[in-house]
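Trainee: This structure is in C-alpha cells; I'll ask about it shortly.
The values are calculated or read from the model by the stated rules, or taken from the named source; none is laboratory data. A quick note: this is a predicted structure, and the numbers were derived from the prediction, not measured. Here Cβ is always computed from backbone atoms with ideal geometry, including for glycine, and neighbour counts include all displayed protein chains. The area values use the complete protein model at the heavy-atom level, side chains included, leaving out ligands, DNA and RNA. Shrake-Rupley method; radii C 1.70, N 1.55, O 1.52, S 1.80 Å.
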Amino acid sequence: MDFLTLFGIYVVVVLTCIALVCKYSGQQHTPLSRVYNKLSEVVSPWIPQCFQNICYRSMHRLFHQRNRFFIYLHIVLETVVYGEFSYEIFGFCLEMDTTLFNACLPYVFLAIKSYIFYLCCSKDPGTLTKENHAVQLKVYQYDEKLYQKGINCQTCQFLKPARSKHCSVCDRCVQRFDHHCIWVNNCIGAQNTRFFMLYLLSVCAMACDIALLTVDMLFHTVVRSGIMHANYIDAEGLRQPVGPLFVVQHLFITFPRIVFMLGFVVFVFFLVAGYTMFHCYLALVNQTSNEWFKRKGHGCQYCSPVSGRQCHTSHNPLRGFYHRGVLKNIGEIIWPSCPTQKKDN
Ligand SMILES: [Zn+2]
Ligand SMILES: [Zn+2]
C-alpha cells in the first residue's frame, strides 16, 4: 500500500501546516509556539544569520501584517480544485444519471461563497472611531474580569469599550472583537461575524458537494469496470480476490489527480466543519473566540478564583457573561448593533 502510505503522509503534512498556521496566527503563547521556540533555539546555531533574518521578516509579514497572500492562496487552491472538477468529473457526472442541476451545484456554491468571501474581506468589522466611541462604550457592560472599566487602548488612546480589542495587525480597536483572520485579511468583529459564519458554512457546502460528486463518479467507475469481482496475483504468486484496499490503490494509479483532489477536499471539509461547529457554539453562548481563549484560564466568570470559595453549581461555566438566551444571542450576530446605535442589554 505504498500509495496509501504516501497519501497518509501528505494528509499529515497538510494538517500540520494548517494547524501551525491557525495556531501561530491566532495565539501568541500556545504549546505549539513554545515547541516552535524550542526548535528555533536548537536549530538556529546551524542556520546562517542572514537566512534567519529573511525567514523572520517573511513570517512577520505573513502573519503579523495585513497582506493578501492567503487570499491569493485561497484563489489558487480553488482554481486547482474547480479546474480538476470541471476537466475530469463534471463531464462524467453528465454522462451518468446525475441531473444537470446537481452537476452544476458546486458552481452555484462557488458563486455564493465568493460573494460572501468578498463581504468578509471588505466589510468593516466594527472599527472604533471618534464618532462612534461614545455610543460603543454603552453597548456592553463591563464584566470586571476580562473587561474592566477605565482601561485605555495605548495605541488609539480610547477608553476601551467592553468586548473590544486592539488588533495589532490592522492597528485599530474593533467592536466585539473575535479574531484577526489571515484567510480574509480582515478582523472578525461585531459587524462581519455573520458573514464569516456564512463563509465557513459555504466552504463546508462546497467541499461536501464536490466530495460527494467525486465519490459518486469513482464508485460508478469501479462498478462499471467490474474490478470487485476480479483476482490478482500477490508477491508469493498466489491468486487473491480483490478487496477494498486493492480498489483504492487501483484508483490512485488510474485517477491520481482526482483521488488527491478528493483527499484534499475531504480534509478541508472536516477541518472547516470542526471550526464552523466551534463558531456555532460560540454564537449560541454569546462568546467570541478571544473571550473563549482567555476565559479558559479564568474558570467561572462569576466566582473569583482567588477568593478560594467553591464555584456555585448554578453557574454554567460554558456560558459567557453576555449570554442573553439562544435566540437573542443569534440575533446579535445576524443584526449587530450599528456602530452609532446603543443596544438594549
Ligand atoms: Zn486600539
Ligand atoms: Zn485585524
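Trainee: Can you list the residues, at least 5 places off or on another chain, whose amide H is less than 5 Å from the amide H of Arg172, using H built in the peptide plane?
Mentor: Under 5 Å from the amide H of Arg172: Cys167.
Trainee: Further, regarding this structure: Which value, in Å², gives the accessible area per residue of region 66-345 when a 1.4 Å probe is used on the protein heavy atoms?
Mentor: Per-residue accessible area for region 66-345 comes out at 53 Å².
Trainee: In whole Hz and in residue order, list the ³J(HN,Hα) couplings for region 259-267 that follow from phi through the Karplus curve 6.51 cos²θ - 1.76 cosθ + 1.60, θ = phi - 60°; x for Gly and Pro.
Mentor: Running phi through 6.51 cos²θ - 1.76 cosθ + 1.60 with θ = phi - 60° gives 5, 5, 5, 4, x, 5, 5, 5, 4 Hz.
Trainee: Still on this structure, I have one more. Which entries of Lys38/Lys165; Lys294/Lys328; Lys38/Lys123; Lys123/Lys160; Lys123/Lys149 have Cα-Cα distances beyond 27 Å here?
Mentor: Cα-Cα > 27 Å for Lys38/Lys165; Lys38/Lys123; Lys123/Lys149; rest within.
Trainee: In region 192-243, carbon and sulfur make up what percent of the accessible area (probe 1.4 Å)?
Mentor: The computed percentage sits at 65.
Trainee: Give me, ordered by chain and number, the residues 5 or more places off Ile188 or on other chains with an amide H under 5 Å from its own placed amide H.
Mentor: Asp178, His179, His180, Cys181
Trainee: Further question on the same structure: What are the ³J(HN,Hα) couplings of region 150-155, residue after residue, when phi is run through the Karplus curve with 6.51, -1.76, 1.60 and θ = phi - 60°? Round to Hz, x for glycine and proline.
Mentor: In residue order, the calculated couplings are x, 9, 9, 6, 5, 8 Hz.
Trainee: Which far-off residues, 5 or more places away or on another chain, put their amide H under 5 Å from the one on Arg66, with H placed in the peptide plane?
Mentor: When sequence neighbours closer than 5 places are left aside, there are no close amide H contacts.
Trainee: In addition: Return a whole-number percent for the relative contact order of region 66-345, with Cα pairs under 8 Å and 6 or more residues apart as the contact set.
Mentor: Contact order relative to length: 22 percent.
Trainee: Whenever you get a sec, compute what percent of the accessible area on region 56-131 sits on carbon and sulfur atoms (1.4 Å probe).
Mentor: Solvent-exposed carbon and sulfur of region 56-131 make up 65 percent of the total.
Trainee: Which order, highest average first, do 171-181, 96-106, 124-134 follow once you tally other Cβ atoms within 10 Å for each residue and take the mean per peptide?
Mentor: 171-181, 124-134, 96-106
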